[in-house]
Amino acid sequence: MTDLLDAFGRLIGFWPLFYIGLGTILGITVGAIPGLGAAMLIALLLPLTYYMDSVLALIFLVSIYVGSVSGGLISATLLKMPGTPSAIMTTMDGFPMAKQGKAGRALSLGIFSSFIGGLISWVLLAVLSPPLATFALKFGPYEYFMLVMLAFLLIAAVSKGTVLRGLIAAALGVSVAMVGPDLSSGTLRLTFGVEPFNSGFRLLPTLLGVFVISQVIFDMLDTSAPIQQAKFRLSEMFLSAKDYTRHSVNFLRSSLIGTWIGILPGVGSAVAAIVSYSVARNTSSHPEKFGTGAEEGIVASEAANNASVNGALIPLIALGIPGSVVDAILIGALMIHNLQPGPGLFTNQPEIAYGIVAAALIANVVMFAFMLFFSGHIAKLCMIPKSMILPVVMFFCIVGVYTATGRMFDIRIMLAFGLAGYLMRLGGLPIGAFVLGYILAPFAEEQLRSGLMLYDGSLLPMFTRPIALLFLVASILIAFWPVVGPMIKRVRR
Amino acid sequence: MQHPLQLHSILVPAVAIGLSIAIFLGANSLPSARFEPMGPAGFPYIASAILFLLGVLDLAMSIRAAQKGQPPKDRPTPSTRGRVRAFAGAVVTIVALFLMEARFIGFVPASLVLLVGLGGVLSENAKREKLWLVVISCAVSIGTALLLTKILSVVLPGNGGFF
């Protein structure tokens, strides 16, 4: 508790508050614009953070994450286009409400739900992360290795497309990560004599390529008609206390669902929103209203997706395992600043760990205030033509990579990964699984090799140590559930 | 009723299997383990085996689905205009990168080629939009060049100069 209060004390200053405010507003803005998102923006701004203090860099990036998940609500409600995948379910009821002339009411409920979801999950983040980090200190190398395998299987199971395609994407990410010098011996691997590959595929060109450039290609190919915007007045944004208290059970339930799903490694806010929406519909006394402008639908989706942000930060800070794809990029940010994510962060660099926790709360408050008063203006930004946004995004990708690495070759690698990312999307290979494989592969290999050295080449402790066995059993269940689940249902019938 | 196999149903497993073979061959050239049970070749071998297995499974399941008559999933195909636009965008990007690396032109003109070129490919024919595009492109390229050189002390590519 003292460390957390100290962290708040350190953040009450001009520059920390400036970066939290800037990050949140940028996140909301980018989250509102369909086609852009937190992953893209954070990847794009990673080179800029090289020159920043580590704490400021991380609170800036975390604030972007908090803002972007909420920003998707604006375009989902006013433009019928979710700004982020996590706002897909909000579109189902938000836009119909807007069409009925209740756009302000829909936005207000969404913003308040986002705020409450963020608050409840923040309490769990602050309470659970330190003891989880302490517990994780008992993890050995095989526990970490199995946890990474569990993360791969989870993200494969929940990604679009089949589980097999998700696993193939993760395996491709692992393969890409192996190119270059071996971390232990320095031996060059899988370079096939191409000299620029001797340093491997660097983090920034790879991430920018698969996330940003592939999306730019997608947007270039999209020739759909310009979008129409629903209007609202600021006075409609302020509802009575009764309007909010009516949804109190939904707020709490959706926040807890979102937090729990956020904790699961590699899953993310979109799944949190979908699950919470489904539960709200199944438990509602008027399920037929869902999809036609049901307030409960907006509340469930927005509370859950914001709650999942703080939920995903729990395994990131405590275990060093990303709770979502955006967290995987945040791990990249930690690595850039020579910080080791995981339980050691609380003991070795508590100002970073608690700084992230404190920033998440302040960003939530900034998000609430900014969205309440400026949602209409943000919606206008969504009308900026693609002909202006996409070239600037492409330009900043090129400049960002060049600034970070100093090599034009890395720009070509980024463009190649962009094309590969686009082809992966066409082939049903989820990008999130690829990125998770790429980010976690070096860590997984290090843990496996450490475990083998520790136990004289024996894999038996993977089956005899209780926590490793638990993760192994969970991995097997997730891997075989698509086959076993239908069989069990048939037997029951 | 059988359905024909879609292109991605063959390509994806083929790429996975092909890559797994490439990784296996690459791992073969690595030295064996010294001072530890698993050397630098160990993880590549594991990844290669898993990728191969997944590729074979994916191909088998795609063939089985086609034989069972399961209709293929609808995948949106881009319009001809979209394809032309993307191709033109790729050409503009390649030319701009070539100019950025060249010694006879500076960073700002090369950036303008990229920004105005890509914007031109994507814009509808509104005059006002094109005017804004030029203004924003100039501001972004000059502003970025100043930021890189004066604040971040980055050496610009190509001839290292603004113009």
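The values are calculated or read from the model by the stated rules, or taken from the named source; none is laboratory data. Quantities reported herein were computed from a predicted structural model and do not represent experimental measurements. Cβ coordinates were reconstructed from backbone atoms using ideal geometry, including for glycine residues, and neighbour counts include every protein chain displayed. Surface accessibility is based on the protein's heavy atoms, side chains included, excluding ligands, DNA and RNA. Shrake-Rupley method; radii C 1.70, N 1.55, O 1.52, S 1.80 Å.
Note on the stretch A:361-374: residues that are among the aromatic types (Phe, Trp, Tyr) and open to solvent by less than 60 Å² (accessible area, probe 1.4 Å) total 2.
Note on the stretch B:11-31: residues that are more than 7 Å from chain A (Cβ to nearest Cβ), of a type in the set (A, V, I, L, M, F, W, C) and either under 17 Å from A:PRO442 (Cβ atoms) or open to solvent by 80 Å² or more (accessible area, probe 1.4 Å) (or both) amount to 4.
Taking the stretch A:151-192 as the range and being more than 10 Å from every other protein chain (Cβ to nearest Cβ) and not in a helix (DSSP H, G or I) as the test, the residues that pass are A:SER159, A:LYS160, A:GLY180. Consider the stretch A:112-149 and keep the residues that are at pLDDT below 85 and either closer than 20 Å to A:PHE368 by Cα or aliphatic (A, V, I, L, M) (or both). The one that is most open to solvent (accessible area, probe 1.4 Å) is A:LEU137. Cβ-Cβ contacts under 8 Å between residues 6 or more apart (or on different chains), taken from a first residue in the stretch A:114-125 that is among the polar types (S, T, N, Q) to a second residue that is surrounded by fewer than 21 Cβ atoms within 10 Å (Cβ to Cβ) and part of a helix (DSSP H, G or I), are listed as A:SER114/A:PHE368.
Within the stretch B:32-49, the residues that satisfy the criterion of being at pLDDT 85 or above and facing chain A (nearest Cβ under 9 Å) are B:PRO37, B:MET38, B:GLY39, B:PRO40, B:ALA41, B:GLY42, B:PHE43, B:PRO44, B:ILE46, B:ALA47, B:SER48. Residue check: A:SER75 meets all listed conditions (1) within 16 Å of the chain's Cα centre (by Cα); (2) modelled with pLDDT under 85 but one, namely (1). If the condition is being of a type in the set (Gly, Ala, Ser) and open to solvent by 70 Å² or more (accessible area, probe 1.4 Å), then the stretch B:144-161 contributes only B:SER153. Might you check whether a residue that is assigned to a helix (DSSP H, G or I), more than 24 Å from B:GLY119 (Cβ to Cβ), open to solvent by less than 40 Å² (accessible area, probe 1.4 Å) and more than 12 Å from chain B (Cβ to nearest Cβ) occurs anywhere in the stretch A:375-398? Within the stretch A:375-398, one or more residues are assigned to a helix (DSSP H, G or I), more than 24 Å from B:GLY119 (Cβ to Cβ), open to solvent by less than 40 Å² (accessible area, probe 1.4 Å) and more than 12 Å from chain B (Cβ to nearest Cβ). Looking only at residues of the stretch A:399-412 that are open to solvent by 20 Å² or more (accessible area, probe 1.4 Å) and more than 8 Å from every other protein chain (Cβ to nearest Cβ), we find that the one that is nearest to the chain's Cα centre (by Cα) is A:ALA404. The residues in the stretch A:193-224 that are touching a residue at least 24 places away in the same chain (Cβ under 8 Å) and part of a helix (DSSP H, G or I) can be counted, and the count is 19. Applying the criterion of being among the acidic types (Asp, Glu) and in contact (Cβ under 8 Å) with a residue 12 or more places away in the chain to the residues of the stretch A:413-457, the residue that is most open to solvent (accessible area, probe 1.4 Å) is A:GLU446.
Tell me, yes or no, whether the stretch A:468-484 has at least one residue that is of a type in the set (Ser, Thr, Tyr), under 29 Å from B:PRO40 (Cα atoms) and more than 14 Å from chain B (Cβ to nearest Cβ). No, the conditions are met nowhere in the stretch A:468-484.
Determine whether A:ALA433 is within 24 Å of the chain's Cα centre (by Cα), away from chain B (no Cβ under 11 Å) and of a type in the set (Gly, Ala, Ser). Yes, satisfied. Of all residue pairs spaced 6 or more apart or on separate chains, those with beta-carbon atoms under 6 Å, a first member in the stretch A:245-256 that is within 18 Å of A:ALA270 (Cβ to Cβ) and a second member that is of a type in the set (A, V, I, L, M, F, W, C) and surrounded by 13 or more Cβ atoms within 10 Å (Cβ to Cβ) are A:SER254/A:ALA300; A:SER254/A:ALA303; A:SER254/A:ALA304; A:SER255/A:ILE120; A:SER255/A:ALA303; A:SER255/A:ALA307.
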